[in-house]
Amino acid sequence: MTVLVTGSAGHLGEALMRLLRERGEPARGVDLKASPFTDAVGSITDRALVREAMQGVRAVINTATLHKPHVVTHSHQAFVDTNVTGTLTLLESAADAGVAAFVQTSTTSVFGDALHPAPGEPAAWIDEAVQPLPKNIYGATKLAAEHLCRVIARTRGLPMIVLRTSRFFPEEDDSAAVRQSFATDNVQALELLYRRGDIVDMAAAHLAAIERAGEIGFGTFIVSATTPFTLGDLAALHRDASAVIRAHFPEAEALFAARGWRFFPVIDRVYDNRRAREALGWEPRCDFRHVLVSLIAGRDFRSELAHAVGAKGYHDEVFAEGPYPV
């Protein structure tokens, strides 16, 4: 039976469609935008379209969303419509159709203010026990969608996995200060230490979640590259991250210097993916050690899938101050 992928013209949606097609598994893409990976063009708030797309589906992966870069360009209502109402429409249709597994792509942005320790405090260790504190409409609506997933799983018996994904997009950083201080590949290599995953690993987590949803019933998991850091590193990370990185990876400084790269002076949070690895049988391949091995070999640390999907951006228009109006 078919896997329904919403947001199939986006980064993760396209990656999933590519992997499913490579496996020879029937996959159906839904997106507002036409693409080689979109079979039905339309909104996930359209109940008739969703009901039709749900026919013969064994699993749903909902990657369709408005993102943080849309916060300035889209209304709060637009976020509610897509991220909350659209998710509810999919959930109810999936339950009605007797779908065997539903995977909801959420985000570590739901943690919001919990990600930023006060000056002098240790870096934040972010696992599933941390209380989300959304700081914008994006995080608030993604958390609301998570709550809907829990309710439908409980009341309708729909097997459900919620994946709080860290960064995996290839675009430049949304912070102008970061863009001005660090090359994009420098930033993204360092982020694999604590707040990023390669898209091939993110897609693999979603496919693993399909297979484990039935036995788990309901679960919420953080998915990111496996960090080398421990709880004992947190104080030093928020004081002198460079020293911690050198202690874990003595060879990294020379490899970075050869490319004109630098370490971040501080790191404010660390994502812990342990529960996802244990529950889903998932093991991300592209971590910081992979970066160093790739640099030694003279090749790009990003996966072939990341290059195939490429950078899509989040807006059709071009902004004077950078890639995002945030």
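A few remarks follow.
- Residue list for the stretch 16-50, given a label point 7 angstrom along the Cα-to-Cβ vector of R58 and an amide N cut-off under 18 Å: 16-29
- Rounded to the nearest 10 degrees, the angle from helix 199-216 to the longest Cα principal axis of the chain is 50 degrees.
- Shape parameters for the stretch 59-159, alpha-carbon atoms, Rg then Dmax in Å: 15.1, 52
- The phi-based Karplus calculation (6.51 cos²θ - 1.76 cosθ + 1.60; θ = phi - 60°) puts the 3J(HN,Hα) values of the stretch 228-245 at x, 7, 10, 4, x, 8, 5, 5, 5, 4, 7, 10, 8, 4, 4, 5, 5, 4 Hz, whole numbers, x for Gly and Pro.
- In the chain, the longest principal axis of the Cα atoms and the axis of helix 11-23 are about 70 degrees apart.
- Fluctuation leader among P132, P119, P159 - the chain, Gaussian network, Cα springs under 10 angstrom: P119
- The 3J(HN,Hα) values that the Karplus relation (6.51, -1.76, 1.60; θ = phi - 60°) gives for the stretch 302-308 are, in residue order, 7, 6, 4, 5, 4, 5, 5 Hz. Gly and Pro appear as x.
- Fraction in percent of alpha-carbon pairs per bin - 10 Å, the chain: 6, 26, 36, 23, 8, 1
- The chain: most fluctuating residue of T230, T38, T87 per GNM, C-alpha cutoff 10 Å: T230
- Choice from L231, L305, L148 with maximal GNM fluctuation in the chain (Cα, 10 Å cutoff): L231
- Reach of K135 by Cα under 16 Å, taken over lysines that are not fewer than 8 positions away in the same chain: K68
- On Cα atoms only, tilt of 288-297 relative to the major axis of the chain in degrees: 70
Readers should treat all values here as calculations from the given coordinates under stated rules, not as data from a laboratory. Note that the structure is a prediction, hence the values are computed from the model and not measured. As a convention, Cβ positions derive from the backbone with ideal geometry for all residues, glycine included, and neighbour counts pool all protein chains shown.
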